[in-house]
1. For residue 448, which lysines qualify as cross-link partners when the Cα separation must be under 30 Å and same-chain residues fewer than eight apart are set aside?
2. When the helices in the chain are scored as -39500 (n - 2.57) per DSSP H run of 4 or longer and the sum is shared across all residues, what 222 nm value do you end up with, to the nearest 500 deg cm²/dmol?
3. For every other residue with a beta carbon closer than 14 angstrom to the beta carbon of residue 439, add +1 if it is Lys or Arg and -1 if Asp or Glu, then tell me the sum.
4. Using a simple charge model, +1 on the beta-carbon of Lys and Arg, -1 on the beta-carbon of Asp and Glu, nothing else, what dipole does the range 55-264 show about its Cα centre, in debye to the nearest 20?
5. Any idea how far the Cα center of the range 17-56 sits from the one of the range 652-709, in Å?
6. Kindly write out, for the range 269-281 in residue order, the coupling ³J(HN,Hα) from the Karplus curve 6.51 cos²θ - 1.76 cosθ + 1.60 (θ = phi - 60°), rounded to whole Hz, with x marking Gly and Pro.
7. Rank these for me by crowding, 129, 39, going from fewest to most other beta carbons within 10 Å.
8. Can you find, among 17, 550, 451, the residue farthest towards the positive end of the dipole of the chain? Put +1 on the C-beta of Lys and Arg, -1 on that of Asp and Glu.
Amino acid sequence: MGILKEIQYSVRTFARTPLLAAAILLSLALGIGANTAVFSLVDALMFRALPVRDPSTLFQVLHSGDGGSFDSSTYGLYAHLKQHAKTVAGLLQVNATTLKVVIDGHADVVPGQQVTGDYFNVLGVEPLFGTVIEPTDERGSARNHVAVLSHGYWVRRFGSRPDVLGRTITIDQIPHTIVGVTRPEFFGLQAGRRVDVTVPIDGTDDRDFWKSRALLVRVSPDASRRAVVADLNTLFVQYLAASQRLSDRARAHSFKRLDLADVSSGLSEFRDRYGKPVTTLLAIVAVLLLLACANLASLFLARAAVRQWDLAVCLALGAGRARVARQLLFDTLLISIVGGALGVLVAWWGVDLLIGFLPDVAPGDLRIRPDTNMLIFTLTASTVTGLAIGIAPVWLAGKVDFRQMIAGGRTAALGAGAFKALIVVQVALSTILVVAATLFTATLSSLKSQPLGFVADGVLLLTLDGSGTGFEHERLARLQRQILEKLHGLPGVTHATFTTIPPLSSNEDGKPFSIPGVTLPSPEDGVMQVNTVGPEFFETFGVRILNGRGIDASDGSSTPQVAVVSESVARHYFPGVNPVGRRIDVGRGRTGGQIEIVGVAADARYKDVRTPTPRMIYVSAFQRSPEEQVVFALRAAGNLGGLARSAQRELLSLAPAIPTTDVKTLVRQRDERLVNERLLAFLSLCFGAFALVLASIGVYGTLAYSVTLRAPELGLRIALGASRAQLLLLIAREILTLLVVAILLGVTAAFVTSSVLSSLLFAVRPTEPWVYSATVAVLISVGVLAAFVPTFRATRVEPVETLRWQ
């Protein structure tokens with residue numbers, strides 16, 4: 001029989017049981033689709049090679065010490081290595097940033113990067129048209145103000161017009177000439193972060209100051225990695241000796257040596273941030289697919305058991321057992337491949353769902369498409385799934401005794417042991433998934449219940465960055481006051497303020513400080529986070545004042561300087577003493593106690609929900625030089641979406657040259673800090689629920705088949721005097737024994753593997769007793785409910801009818 005006839009026969013067979021076929025396809029589509037979606041995200045974030053020439057020879061230069069590894073660098077180090085390194089084929093430095101671009105009077109903030117002149121040449125990236133940035137374009141030499149656009153930005157902003165070359169646009173207040181457009185496949189050095197505009201780096205700007213700039217080298221083909229590291233470390237020591245004045249402590253902490261990190265798949269920002277959660281999800285969906293395989297194997301086994309008579313007839317007519325086994329295996333492979341094809345559609349939707357949890361990644365930026373890796377993964381998963389679910393029916397076909405069946409005129413009770421084994425596997429795997437879902441849900445609940453120190457509901461945030469716009473000093477301070485007055489007057493607004501460090505923003509501004517008459521015990525105690533705030537900061541964010549007062553509008557340049565300290569500052573630096581009225585200095589070189597503490601505020605979280613509250617001092621923005629980047633905050637009742645649009649219009653009317661960015665609610669900012677926990681909790685709950693459904697279907701199917709096979713035995717027991725209650729107890733005991741064995745195996749496996757989840761948990765132990773108790777209770781309840789119908793059916797057996805079967 002040819003392949004075409006095999007397919008036709010399988011299709012006709014499944015057409016006789018459309019509900020069964022639909023259930024199988026749905027299970028496969030969800031199982032394979034979930035695996036494909038998570039794999040695609042993992043592949044895009046962690047494994048996909050950069051679209052550059054020979055990415056395997058690209059490495060990032062890191063400096064490290066006792067404090068770990070750091071990816072900052074200086075332009076001076078780049079220039080020193082470029083001039084003297086003998087084992088590298090090229091170096092480049094890149095600073096990912098945002099750029100303020102003005103085109104035809106319209107200001108916009110776009111993701112961009114500043115690069116050294118050899119960036120494109122070292123990467124081997126050719127433009128779609130025009131030219132790229134060259135070494136002579138670096139601002140430290142010829143100061144050629146040129147710009148290269150990404151293909152996407154060229155399409156979106158210029159409508160793919162070919163006459164864009166030579167056009168002048170303003171970037172950070174400086175006119176730049178567009179010289180080229182990159183190819184569509186090139187996104188930069190970080191998967192998930194697009195780069196719209198690339199400009200030359202300014203090598204004269206703090207040449208030897210360590211900044212968050214990635215320094216990359218391309219290793220020479222004839223040089224080993226060890227030789228390159230040795231060469232670079234020799235030059236590193238020379239550079240530090242010539243240009244860096246570092247204390248022994250700083251050297252030991254961060255500057256002992258240089259190391260190389262593989263960046264063939266891109267810089268590690270998103271990989272470090274999301275790598276562990278998405279790989280954990282990949283393990284979870286792999287277990288889910290195993291569970292689906294066990295469930296479908298039991299369905300195919302039941303299907304083959306029902307078809308024993310057909311198989312016996314085929315064998316009696318001369319078909320070999322290998323031929324029958326091949327047909328059964330072909331059935332499972334065919335439906336698995338069809339399910340895999342449907343899984344690609346599920347994955348297409350699932351990828352967008354996954355990326356929706358990642359606040360700083362857009363689906364278009366990752367460019368996840370049905371590429372070769374995805375198709376190979378799906379085909380492999382489908383084939384392996386087909387083989388896995390085909391083993392049981394193939395095994396059953398080998399047990400059929402067609403001579404006995406035809407002579408006896410009835411089917412044999414085969415496969416009962418296999419059914420029980422598959423049920424144990426399903427319930428055990430479900431236990432693992434339910435334990436993981438419970439742990440992640442408990443973690444999310446614990447984090448949400450953590451005291452934040454502020455009230456997130458009803459607060460809208462808008463970021464304004466005046467750097468590079470011409471607003472500075474008194475002009476910038478006057479603009480900020482005008483904006484604050486306008487925003488305060490919007491309908492529904494009860495409080496308005498601005499700040500440099502809003503809650504849960506991860507912003508930092510550590511400054512040295514001193515307290516007259518107090519000797520600080522360690523250098524770490526001499527640095528504190530300083531939050532520059534406008535009036536009504538504490539009222540707007542709902543941060544309680546525990547003692548004294550907050551910052552108000554009267555605290556201006558003509559009044560004595562004041563500050564509010566957090567509760568942790570009062571507790572640490574003023575134990576047993578009321579700090580209100582005490583004086584402190586912020587910044588270097590001050591010893592007179594120029595700032596008076598006028599209040600103590602409750603501790604609030606400013607980095608994330610897991611990190612302890614920082615020691616914070618709040619100073620009045622009206623008593624300091626204006627900060628270029630501030631976040632305006634409005635507290636209001638009602639629709640914050642409408643308020644956001646009104647606020648943006650007011651900002652545009654007052655400062656059209658300063659674009660408003662990062663407009664969001666404080667609730668959204670809070671949720672973004674829980675992105676990994678929300679991702680794991682939501683998806684593990686979905687997968688856990690799906691696992692329970694699959695397990696309940698498996699328990700139901702197995703017991704229904706078992707009751708059917710045992711109908712003659714049960715009828716005989718009733719005929720011999722057994723009561724229906726005794727039958728119920730007999731079946732229930734077998735069910736519970738099966739469930740207890742499966743759950744014990746699952747709990748043991750979950751207990752052993754849950755320790756790897758400890759770094760993802762918060763305020764809940766991987767071995768939390770209540771988690772396992774709840775899981776056992778849920779699984780036993782689901783198993784008993786799934787077994788109710790077949791168990792009830794067993795008690796309704798009529799002995800007269802069943803004895804006729806003997």
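All of the numbers you see were taken from the coordinates with simple rules; none came from a lab. Since this is a predicted model, take the numbers as computed values, not measurements. A quick note on method: Cβ atoms are made from the backbone with ideal geometry, for glycine too, and the neighbour counts reach across all protein chains shown.
1. The qualifying lysines are 276, 607, 664.
2. Computed mean residue ellipticity for the chain: -16500 deg cm²/dmol.
3. -1
4. 280 debye
5. Taking the Cα centre of the range 652-709 as reference, the centre of the range 17-56 is 18 Å away.
6. Karplus-based 3J(HN,Hα) across the range 269-281 equals 4, 6, 4, 5, 7, 10, x, 5, x, 6, 5, 5, 4 Hz.
7. 129, 39
8. Value: 17.
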